[in-house]
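Accompanying notes for the structure given below.
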Amino acid sequence: MKRIKIVAASLILLSSMLAHANTDAIKLATIKKLYAEAEKAERLTDTPQDESLVRRYATTNFQNVIARYTGHQSEFDIDDCIENGSYGLHLVEGNGFSLSDKHTSSFSVLPNGRVSAKLKFVGSRKPSDVQFDLVCSGNGCKIDDMFQGGEQSTKTLIKKYCSAN
């Protein structure tokens, strides 16, 4: 009887480990697909399409936060909302580089569960590091927040600087 309990506990642990590994693989595939689509869209339009693509990959909650930012936009009104919201929704950390300028890229799942997208550019010492919180269910994952440089939450920035409509 004791041996059956040990085998059952081992099977449960193994099952949990496999499920975690599968979730990590889905997370990575989601972010890699996002970047591939963004790079293709940028080549076709010569303009980054980050915001609209992120919205397509976002949870309903994060879509609502993005809508709060986009509802505030005005081409003549550069304020804290535009500055902070725009910064937080970029797929490339910092200014001056676009996906088409990328030299190399790497994607990994961090110990905190976030996915890190690191992009290196010719002439830049430090790689761009954008991290993503994802919510997964079934065979899919959605972006629930983004962190430029792994630091500030885009959700927090938008909620802080963009008034609710």
Discussion item. Would you confirm whether or not the stretch 122-137 contains a residue that is out of contact with any Gly (no Cβ under 9 Å at 6 or more places or on another chain), closer than 25 Å to residue 40 by Cα, modelled with pLDDT of 75 or more and polar (S, T, N, Q)?
Written reply: no
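Only one residue in 51, 93, 83 is charged (D, E, K, R) and modelled with pLDDT of 80 or more, so which one is that?
When all the criteria are applied, what remains is 51.
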Discussion item. When you scan the stretch 96-103, do you find a residue that is in contact (Cβ under 8 Å) with a residue 12 or more places away in the chain, more than 22 Å from residue 41 (Cβ to Cβ) and of a type outside the set (Val, Ile, Thr), even just one?
Written reply: no
Discussion item. Step by step: first the residues of the stretch 145-165, then only those that are within 18 Å of residue 38 (Cβ to Cβ) and assigned to a strand (DSSP E or B), then the one that is modelled with the lowest pLDDT. Which residue is that?
Written reply: 148
Worksheet item: Could you count how many residues in the stretch 79-116 are in a loop (DSSP other than H, G, I, E, B) and closer than 17 Å to residue 146 by Cα?
Response: 12
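Residues checked against (1) surrounded by fewer than 20 Cβ atoms within 10 Å (Cβ to Cβ); (2) out of contact with any Pro (no Cβ under 9 Å at 6 or more places or on another chain); (3) aliphatic (A, V, I, L, M):
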| residue | (1), (2), (3) |
| --- | --- |
| 104 | yes, no, no |
| 134 | no, yes, yes |
| 145 | no, yes, no |
| 162 | no, yes, no |
Item to complete: Report whether or not residue 118 is more than 21 Å from residue 62 (Cα to Cα), surrounded by 15 or more Cβ atoms within 10 Å (Cβ to Cβ) and at pLDDT below 75.
Response: no
Worksheet entry | Number of the exception - residue 78 against (1) within 21 Å of residue 42 (Cβ to Cβ); (2) modelled with pLDDT under 70 | (1)
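Table: residues versus (1) under 16 Å from residue 29 (Cα atoms); (2) more than 11 Å from the chain's Cα centre (by Cα); (3) free of Cβ contacts under 8 Å to residues at least 60 places away in the same chain.
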{"position": "115", "(1), (2), (3)": "yes, no, no"}
{"position": "123", "(1), (2), (3)": "no, yes, yes"}
{"position": "126", "(1), (2), (3)": "no, yes, yes"}
{"position": "132", "(1), (2), (3)": "yes, no, no"}
{"position": "150", "(1), (2), (3)": "no, no, yes"}
{"position": "156", "(1), (2), (3)": "no, yes, yes"}
{"position": "161", "(1), (2), (3)": "no, yes, no"}
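The values are calculated or read from the model by the stated rules, or taken from the named source; none is laboratory data. Being a predicted model, the structure only gives us computed values, none of them experimental. With ideal geometry, Cβ positions are generated from the backbone for all residues, glycine too; neighbour counts draw on all protein chains shown.
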